[in-house]
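Contents: one structure, followed by commentary.
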């Protein structure tokens, strides 16, 4: 036999031996039946107890938490509903004492809560978790399998302690213009919501500093499920699935999420028997690695998240008067300011100081960094004395739709 054939024969023999061992173990009842497997915890009791020791540094509280969990282990799976109720009580105990500062690990506490929820079957295996408490900024990411999503919550928007959970949904089908990776960013307890404006009241969402945001990595065109070539990254929006509908979130420039090694696909195993791990690694296809494009959006509630590619982006145009007043007298300057969101790559704004237009046609001003301004003088042909309503219209450009602002009422008088 030549040397070149020996590795192949060795692999075949190892598969045969392992398959034989697997069959004997099943026949001897060493593996659970299908009914037993349906209630088999996805995480072991030993893992949870070890996590309690790692996270809860207060010895008295740690002992109490372990005692409560051991009761859960005895109850589950004979009475899963009772075990789940006891798990919720234990989690409330953990969150209460973490909020009181009895230990410091936000991520560790979140991971511990996730493991307890997994043990009693309340959530699937999460890739990441963290704990949020009032007045402390928190953020978390899912990174365990090189697939990425994350969320960041300002502490002043947190009213009660809760855990952020990040769970990939590989079987959730999305079709263009929606693209994965798809993640469930959820909370325990459920029902955590936030205002859709920042604490300052601003609707200009340009960073993650002052509002809750969620981010996901979008696969590039090298992946079969990636975004098409030539898509402008500015046209990528985070969307979330709520009440049976994918809803687009406002675009936010997030900085906490690294998508440079985001990947899709999972390695395919032949059997679950540990003896075959080496063979499975040898025979399984490699992971598909994608250069991720980071997208983020402001969030008001948590639900499955993906990414949407918009062709021509809808825009919103806001109008304000820079002087901060609505009463002017002859000779005073009136400065109208138009702000276009999302920030377009160009285009112009038409300024209507009066409706209908007085004097010549509406002035046209180029948009720079999403903003255009135009000054008028009270008492001229464009702004005669009297009451007026101002309005502006963004005229659009390639990839960005036109939009019209609301109106602003103001007066121009001759004065004393």
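The values are calculated or read from the model by the stated rules, or taken from the named source; none is laboratory data. Being a predicted model, the structure only gives us computed values, none of them experimental. With ideal geometry, Cβ positions are generated from the backbone for all residues, glycine too; neighbour counts draw on all protein chains shown.
Here are some notes:
- Top-ranked residue of the stretch 298-320 - restricted to ones that are touching a helix residue (DSSP H, G or I) at 6+ places or on another chain (Cβ under 9 Å) and in a loop (DSSP other than H, G, I, E, B), ranked as nearest to residue 238 (Cα to Cα): 310
- Flag: residue 96 does not match the condition of being surrounded by fewer than 16 Cβ atoms within 10 Å (Cβ to Cβ) and without any contact (Cβ under 8 Å) to a residue 12 or more places away in the chain.
- The condition (being assigned to a loop (DSSP other than H, G, I, E, B), farther than 29 Å from residue 149 by Cβ, at pLDDT 85 or above and in contact with a strand residue (DSSP E or B) (Cβ under 8 Å, 6 or more places away or on another chain)) is satisfied by just one residue among 331, 324: 331.
- Residues located in the stretch 307-320, provided they are at pLDDT below 90 and buried (at least 16 other Cβ atoms within 10 Å of the Cβ): 307, 308, 309, 310, 313, 315
- Residue in the stretch 62-85 that is at pLDDT 95 or above, part of a loop (DSSP other than H, G, I, E, B) and within 23 Å of residue 187 (Cα to Cα) present: no
- Flag if residue 169 is in contact with a strand residue (DSSP E or B) (Cβ under 8 Å, 6 or more places away or on another chain) and either under 14 Å from residue 297 (Cβ atoms) or modelled with pLDDT under 90 (or both): yes
- Considering (1) under 42 Å from the mean Cα position of the chain (by Cα); (2) crowded, with 20+ Cβ neighbours inside 10 Å; (3) over 29 Å from residue 239 (Cα atoms), the lone condition that residue 323 does not fulfil carries the number (2).
- Residues (surrounded by fewer than 20 Cβ atoms within 10 Å (Cβ to Cβ) and either in contact with a strand residue (DSSP E or B) (Cβ under 6 Å, 6 or more places away or on another chain) or at pLDDT below 60 (or both)) located in the stretch 199-220: 199, 200, 201, 202, 203, 204, 206
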